[in-house]
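A short reminder: the numbers here are calculations on the coordinates, not readings from a lab. Note that this is a predicted model, so its numbers are computed, not measured. Virtual Cβ from ideal backbone geometry, glycine too; neighbours counted across all protein chains shown.
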């Protein structure tokens with residue numbers, strides 16, 4: 001399900017917020033500059049991987065993966081403060097029972113106060129192994145409780161959707177840290193639409209699938225076509241020439257991937273969903289060391305106004321996908337997990353009180369997850385604001401006590417070697433999420 005019930009469709013948001021700015025030079029070349037070429041979705045015979053990653057030394061091979069749960073994920077259900085009994089009177093039909101021994105329908109205890117939703121059970125081992133941290137009561141300063149405005153603020157890396165930096169926050173990272181010879185696969189969005197966090201990026205790639213991004217031709221030899229493209233664009237310095245050569249390099253890089261690189265490792269089993277596919281493809285490029293520094297995966301379907309569900313239903317099903325996909329991703333990475341930091345975020349949480357439709361309405365504070373081998377996990381971070389009426393925000397929402405940019409900024413500093421002030425135009429105190 002999508003969040004079409006309250007503010008239009010997700011596609012409408014994309015069109016409204018992105019417009020032409022979301023189209024990269026590479027996408028433009030795919031659309032108009034290479035009209036003689038086809039883009040196939042069938043599998044091809046792939047040769048061995050011999051590409052030079054050309055990764056800048058500043059990252060030390062580290063990768064940031066951003067999973068955006070669009071639609072407002074209910075953080076109070078994902079990680080429930082069962083130690084504050086008020087949650088059960090505020091949500092008499094939706095709050096999952098406090099942890100019980102040998103119960104699959106109760107919360108999984110995290111620290112004696114917070115409990116993980118049972119549908120996220122695959123993540124409990126990562127939390128226990130201190131490879132996953134939780135940040136609660138996190139969000140932006142946006143007060144509109146609008147999907148459009150809240151997502152726009154986070155995609156821009158702004159405090160809210162008012163005045164602030166233009167373009168996407170990942171785009172600003174790419175601009176601030178770019179060097180000559182950087183890989184054209186520095187930033188990859190696994191999906192059909194480039195997210196607004198990459199708005200204005202000329203060196204980002206949207207990949208619906210690794211199989212679909214390759215050259216095909218019914219009339220010409222591919223080697224001849226490749227040579228022709230190099231003659232046409234290889235010596236030019238204009239935007240079209242640069243884009244043409246970058247596009248060709250991306251295609252050649254992906255077509256050299258060994259089929260063995262595509263299969264999950266270490267017994268990992270991804271769910272057959274968009275999130276599972278996106279993370280599996282991210283793991284493939286991470287192992288192949290093609291110079292990817294940032295990957296994004298968007299997951300819709302979190303606007304749970306009605307029939308949200310408790311241990312079964314709409315929300316538990318969505319959470320189950322998240323738990324299975326993230327667990328498989330970490331298992332697939334194996335030792336490479338030490339170089340990957342994954343941030344899972346949503347534009348806002350849900351109202352603390354359940355509504356008359358057995359769902360929850362738009363709120364403020366939510367929760368986020370940070371996973372990786374270098375994460376100081378096994379802890380719930382962030383000041384807890386409380387659920388008493390005087391502690392709530394507006395009509396009854398969890399108050400935001402941690403700025404989402406503090407989490408992203410800490411990862412940019414500690415893992416990608418970039419001053420977050422060049423990205424967010426603000427200095428934010430780190431939470432201590434990363435090992436030093």
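Can you tell me the FRET efficiency between residue 413 and residue 263 if r is taken as the Cβ-Cβ distance and R0 is 35 Å, rounded to the nearest 0.05?
E(calc), rounded to 0.05, equals 0.55.
Each peptide in 173-181, 323-331 was scored by the mean count of other Cβ atoms within 10 Å over its residues; highest first, the order is 323-331, 173-181. Distance between the modelled labels on residue 338 and residue 228, one decimal in nanometres: 4.9 nm (7 Å Cα→Cβ projection). When peptides 420-431, 344-355 are sorted by average Cβ neighbour count within 10 Å, with the highest value leading, the order is 344-355, 420-431.
Between residue 426 and residue 355, what length in nm is gained on full extension when 0.36 nm per residue of separation is reduced by their alpha carbon distance?
Contour length minus Cα-Cα distance gives 21.9 nm.
Calculated FRET efficiency, residue 176 to residue 436, Cβ-Cβ distance, R0 = 22 Å: about 0.45 to the nearest 0.05.
Test of understanding: what is the full-extension gain from residue 6 to residue 113, defined as 0.36 nm times their sequence separation minus their Cα-Cα distance?
Taking 0.36 nm per residue and subtracting the Cα distance, the gain is 35.2 nm.
Remark: the residue 401-residue 306 segment gains 31.5 nm on full extension, using 0.36 nm per residue and subtracting the alpha carbon distance. The listed peptides 61-74, 305-318, ordered by packing as a protection proxy, come out as 61-74, 305-318 (highest mean of other Cβ atoms within 10 Å first). The spacing between segment 118-139 and segment 298-364, judged by their C-alpha centroids, is 11 Å. FRET efficiency for the pair residue 89 and residue 128, taken as 1/(1 + (r/R0)^6) with r the Cβ-Cβ distance and R0 = 30 Å, rounds to 0.50.
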